[in-house]
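Input: a single structure, listed below in structure tokens.
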Amino acid sequence: MTEPLLEARDLVKRYGSVEALRGASFTVRQGEVVALVGDNGAGKSTLVKCLSGVEQPDSGQILVSGRPVTLDSPAAARAHGIETAYQDLAVAPDLDPAANLFLGREIRRPGLLGRLGMLDKAKMRTRAAEQFAKFGVSLQDLSVPIGSLSGGQRQSVAVARSVAWADKLVFMDEPTAALGVVQRKRVLDVIRRVRDTGISVVLISHNMPEVLSVSDRVEVLRLGRFSAAEATLEDLVGAMTGALSQEDAS
Ligand SMILES: Nc1ncnc2c1ncn2[C@@H]1O[C@H](COP(=O)(O)OP(=O)(O)OP(=O)(O)O)[C@@H](O)[C@H]1O
Ligand SMILES: [Mg+2]
């Protein structure tokens, strides 16, 4: 078990003339929380998209448990136990939170009705309510379309969904950005609990205190490349105070 769970080697991703990733190499080991930090536009979300099957890198290699893989769709990544809570919230706005949690993994009714495609909505709602309670997502009404929830509630649902199905690794792209203090703490607790079950978490966040409190390791992405130099705590704290004063000012 010395092979990294996930490894990206020299990923390059271009959008037209923009080089979002310029040879990014990145490793995640089993059961660790890795924080991915870097300025706006550094390429963090692009890296996550390449490693979760949403985008295809132009060149480079991706290995899962030491074996080269092609992640040509989110389903391919999921088949390797990789789930993602995306920054640009990939939720279905017209469906309720329970349906969103089970999107693509719907529970069918038992027997013939199920074989005919009939969904067991009651069961999905009960399970979803349990799942949301477990992760501290408080929703007053589980039957409203998710599009009418608040931004923070939608974000909590996206986090609960990624965590509910992850088998080996969860990417969380700014999972706490829209959250208030209480929900933010809950998400951090969820990250710790997920890690304690042996599942790895890659956390993207601009909030340095949060990053330092929850991660085992920090990787700094700059202009599409990981900085070769070790980031010292002072560097991070410098970045942190910059980030914090910017955040506080906005
Ligand atoms: N779909 C796209 N089309 C064109 N350019 C893109 C696209 N997605 C990302 N880019 C560009 O790639 C670069 C990296 O973007 P990315 O979203 O990965 O940054 P990020 O590190 O996640 O930033 P943030 O912290 O603001 O979320 C940026 O210059 C961005 O403009
Ligand atoms: Mg991003």
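Laboratory data are not the source of any read-out in this text; all were calculated from the coordinates shown. The structure displayed is predicted, hence computed values, not measured ones. Methodologically, a virtual Cβ is constructed for each residue, glycine included, from the backbone with ideal geometry; neighbour enumeration extends over all protein chains shown.
Taking the stretch 101-134, which residues are touching a Lys or Arg at 6+ places or on another chain (Cβ under 7 Å) and either under 22 Å from Leu188 (Cβ atoms) or of a type in the set (Ser, Thr, Tyr) (or both)?
Across the stretch 101-134, the qualifying residue is only Leu101.
So how many residues does the stretch 58-101 have that are of a type in the set (A, V, I, L, M), within 14 Å of Val157 (Cβ to Cβ) and in a loop (DSSP other than H, G, I, E, B)?
5
Return the residue satisfying two criteria in turn: it lies in the stretch 49-69 and is surrounded by fewer than 22 Cβ atoms within 10 Å (Cβ to Cβ) and within 16 Å of ligand 2 (Cβ to nearest atom), and of such residues it is nearest to Ile199 (Cα to Cα).
So, considering only residues that are surrounded by fewer than 22 Cβ atoms within 10 Å (Cβ to Cβ) and within 16 Å of ligand 2 (Cβ to nearest atom), the one nearest to Ile199 (Cα to Cα) is Val54.
Output the residues belonging to the stretch 23-44 that are part of a strand (DSSP E or B) and in contact (Cβ under 8 Å) with a residue 60 or more places away in the chain.
Scanning the stretch 23-44 gives Gly23, Ala24, Ser25, Phe26, Val28, Val33, Val34, Ala35, Leu36, Val37.
I'm trying to understand the selection: among the residues of the stretch 1-28, which are surrounded by fewer than 16 Cβ atoms within 10 Å (Cβ to Cβ) and either in contact with a helix residue (DSSP H, G or I) (Cβ under 7 Å, 6 or more places away or on another chain) or over 17 Å from Thr70 (Cα atoms) (or both)?
Met1, Thr2, Glu3, Arg14, Tyr15, Gly16, Ser17, Val18, Arg22, Gly23
Evaluate the following for Leu47: is it in a helix (DSSP H, G or I) and either of a type outside the set (A, V, I, L, M) or within 10 Å of ligand 1 (Cβ to nearest atom) (or both)?
yes
Would you please list the contacts, defined by Cβ atoms under 7 Å and residues six or more apart or on different chains, that run from a residue in the stretch 47-73 that is in contact (Cβ under 8 Å) with a residue 60 or more places away in the chain to a residue that is within 16 Å of ligand 2 (Cβ to nearest atom) and among the small types (Gly, Ala, Ser)?
Leu47/Ala24
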